[in-house]
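Nothing in this text is a laboratory measurement; each read-out follows from the coordinates by a stated rule. Note that the structure is a prediction, hence the values are computed from the model and not measured. We place every Cβ from the backbone using ideal geometry, glycine too, and count neighbours over all the protein chains shown.
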Amino acid sequence: GAGVSQSPSNKVTEKGKDVELRCDPISGHTALYWYRQRLGQGLEFLIYFQGNSAPDKSGLPSDRFSAERTGESVSTLTIQRTQQEDSAVYLCASSLIGGSTDTQYFGPGTRLTVL
Amino acid sequence: SQQGEEDPQALSIQEGENATMNCSYKTSINNLQWYRQNSGRGLVHLILIRSNEREKHSGRLRVTLDTSKKSSSLLITASRAADTASYFCATDGSSGYALNFGKGTSLLVTP
């Protein structure tokens with residue numbers, strides 16, 4: 001079946017503009033994760049959705065970042081008033097039930113460049 | 001926050017040689033995972049080792065875990081050019097689901 005997909009694959013925007021990144025998880029996966037990867041760095045956890053539970057937003061770096069998920073399907077990550085330090089690859093992952101032993105399947109990422 | 005730290009940062013070997021990457025972490029874990037990333041994009045899960053396991057194999061991959069030293073190693077035997085990628089270790093955090101990644105080891109395998 002299809003893996004995790006993300007769109008757009010690349011996004012170039014001007015400082016101060018809002019951007020919306022989309023993630024389509026694997027069908028049937030109840031858990032969804034967003035991570036950010038700055039150049040040459042590891043992944044930073046941003047937010048976690050699991051079923052109908054309240055999301056864990058503890059990794060969001062500022063109130064300019066928000067994310068939503070519709071049921072157990074599509075998720076969107078929104079960055080308002082983008083800054084140059086927001087430039088990074090934003091990776092989405094999904095897993096069957098959540099939990100640290102559950103394999104996370106990653107999408108190809110969205111490379112965001114803020115000019 | 002990043003917990004795992006991979007060593008070396010970069011490794012260059014020839015095809016057929018073995019590649020060894022190490023990972024150290026700071027706090028206690030339930031499990032540790034290794035991922036591969038090609039061209040700075042999506043990650044592929046390689047192997048998971050639980051805290052009560054000391055060694056695990058998967059094809060040409062061998063992972064060891066030493067919880068007393070808070071370290072793990074990934075060995076790729078008989079490397080191929082297609083193994084060229086960045087390799088990350090990830091530990092489970094206090095949340096029980098979010099993974100803590102290191103900065104990765106960049107492996108280059110030349111023909």
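The table for this structure:
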{"read-out": "Counted charge near residue B:86, where neighbours are those whose Cβ lies closer than 10 Å (Asp, Glu -1; Lys, Arg +1)", "value": "+1"}
{"read-out": "Against the rule of thumb 2.2 N^0.38 Å, how large the Cα Rg of region B:1-49 comes out", "value": "1.31"}
{"read-out": "Electrostatic dipole magnitude of chain B [Cβ: Lys, Arg +1; Asp, Glu -1; Cα centre; debye, to 20]", "value": "180 debye"}
{"read-out": "Tally of Lys pairs whose C-alpha atoms are under 28 Å apart, taken over the protein assembly as shown, 8 or more apart or cross-chain", "value": "16"}
{"read-out": "Region B:1-110, Rg to Rh (Cα coordinates; Rh as Kirkwood inverse mean 1/r)", "value": "0.95"}
{"read-out": "Per-residue average of Cβ from other chains inside 10 Å of B:85-93", "value": "2"}
{"read-out": "Per-residue average of Cβ from other chains inside 10 Å of B:42-54", "value": "3"}
{"read-out": "Quarter of Cα convex hull surface for region A:51-115, i.e. mean projection, nm²", "value": "5.1 nm²"}
{"read-out": "Semi-axis lengths (Å, descending) of the ellipsoid that matches the C-alpha gyration tensor of the protein assembly as shown", "value": "29, 20, 16"}
{"read-out": "Percent of Cα pairs exceeding the 20 Å cut-off, where the set is region A:1-86", "value": "35 percent"}
